[in-house]
1. Do you know which residues across the range 2-23 are part of a loop (DSSP other than H, G, I, E, B) and either touching a helix residue (DSSP H, G or I) at 6+ places or on another chain (Cβ under 6 Å) or in contact (Cβ under 8 Å) with a residue 40 or more places away in the chain (or both)?
2. Which of the residues spanning the range 151-174 are under 23 Å from the mean Cα position of the chain (by Cα) and either β-branched (Val, Ile, Thr) or open to solvent by less than 30 Å² (accessible area, probe 1.4 Å) (or both)?
3. Pairs please, first residue from the range 148-166 and more than 14 Å from Gly192 (Cβ to Cβ), second anywhere and open to solvent by 60 Å² or more (accessible area, probe 1.4 Å) and among the acidic types (Asp, Glu), Cβ atoms under 8 Å, 6+ apart in sequence or on different chains.
4. Any idea how many residues of the range 1-53 are open to solvent by 100 Å² or more (accessible area, probe 1.4 Å), more than 30 Å from Ile83 (Cα to Cα) and of a type in the set (A, V, I, L, M)?
5. Looking only at the range 211-232, decide whether some residue is of a type in the set (Phe, Trp, Tyr), open to solvent by less than 60 Å² (accessible area, probe 1.4 Å) and either more than 20 Å from Val119 (Cα to Cα) or out of contact with any Asp or Glu (no Cβ under 6 Å at 6 or more places or on another chain) (or both).
6. From the residues in the range 130-139 that are without any contact (Cβ under 8 Å) to a residue 12 or more places away in the chain and under 14 Å from Tyr118 (Cβ atoms), which one is surrounded by the most Cβ atoms within 10 Å (Cβ to Cβ)?
7. State all residues of the range 64-87 that are over 15 Å from Arg97 (Cβ atoms) and crowded, with 20+ Cβ neighbours inside 10 Å; if no residue qualifies, say none.
Amino acid sequence: YAELNAWLADRCVAWAKANRHPETPEQTIWEVFEAERPRLVPYRGPFDGFHAVPAAVSKTCLVRFDTNKYSVSATAVGRPVEIRAYAERIEFWQDGRVVGAHARAFGRGATVYDPWHYVPVLARKPGALRNGAPFKDWALPAAIERVRRKLAMAPDGDRQMVDILAAVLEDGLPAVEAACAEALSEGVASAGVILNILSRQRDPPPPETITTPEALKLRLEPIADCARYDSLRRPPQ
């Protein structure tokens, strides 16, 4: 569509420059347009055109639209959402925020997943990470995928991997990927180490040393005399 619109705009401009205006033949259509341009309403951006309908969220975090199903965040389960269907994408809104967004599917009977929508559910069912439909062929960043393969051999590997993925919701994907890469560089792949790295990164840096301006420095510092407090212990005469 972008290429087609660009080609169409070029053709319109070329035609306007090559043809005379029907009411002012001494000028081309383009010249008249240029003269009128300062008086035109400024372009405010693309029109937000969508088809909105209410919908229910299933217990499996899915919303049906047309003949297809789309996943939404697990936090949206139990309350209705507003579907905003655009020409090329579909969004799901709840309480004024987006709880799901996908490229629009035009086939029939398709189920479109976003695995990140189901990460909170994994805290209760970590085994779903291996066999759950939303996580099939999940393409994780390279460092996180390496950690996942290493943890697959550990007895509690699923639980550890779920803890790492849950950290993405708080720290963001780039930070977790960097923490995984750092842990792997040290020859370690465990949730404890990776979460510790993330925790250190969240700690605020030490406060900067404040240099006292010369005008605020004391010229005569008071002399501490703690002995004067002894007078408070003496009984009154």
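1. First pass over the range 2-23, keeping only residues part of a loop (DSSP other than H, G, I, E, B): 19, 21-23.
Those that are part of a loop (DSSP other than H, G, I, E, B) and either touching a helix residue (DSSP H, G or I) at 6+ places or on another chain (Cβ under 6 Å) or in contact (Cβ under 8 Å) with a residue 40 or more places away in the chain (or both): Asn19, His21.
2. Met161, Val162, Ile164, Leu165, Ala167, Val168, Gly172
3. Pairs found: none.
4. Residues flagged as open to solvent by 100 Å² or more (accessible area, probe 1.4 Å), more than 30 Å from Ile83 (Cα to Cα) and of a type in the set (A, V, I, L, M) within the range 1-53 amount to 1.
5. Taking the range 211-232 first, the residues of a type in the set (Phe, Trp, Tyr) are 229.
Subsequent filtering for residues that are open to solvent by less than 60 Å² (accessible area, probe 1.4 Å) retains none.
The answer is no; no qualifying residue exists.
6. Lys136
7. Tyr70, Ser71
The values are calculated or read from the model by the stated rules, or taken from the named source; none is laboratory data. Predicted, not measured: the structure shown is a model, and the values here were computed from it. Note that we place each Cβ from the backbone using ideal geometry, even for glycine, and neighbour counts take in every protein chain shown. SASA here: full protein model, heavy atoms, side chains in, ligands and nucleic acids out. Shrake-Rupley method; radii C 1.70, N 1.55, O 1.52, S 1.80 Å.
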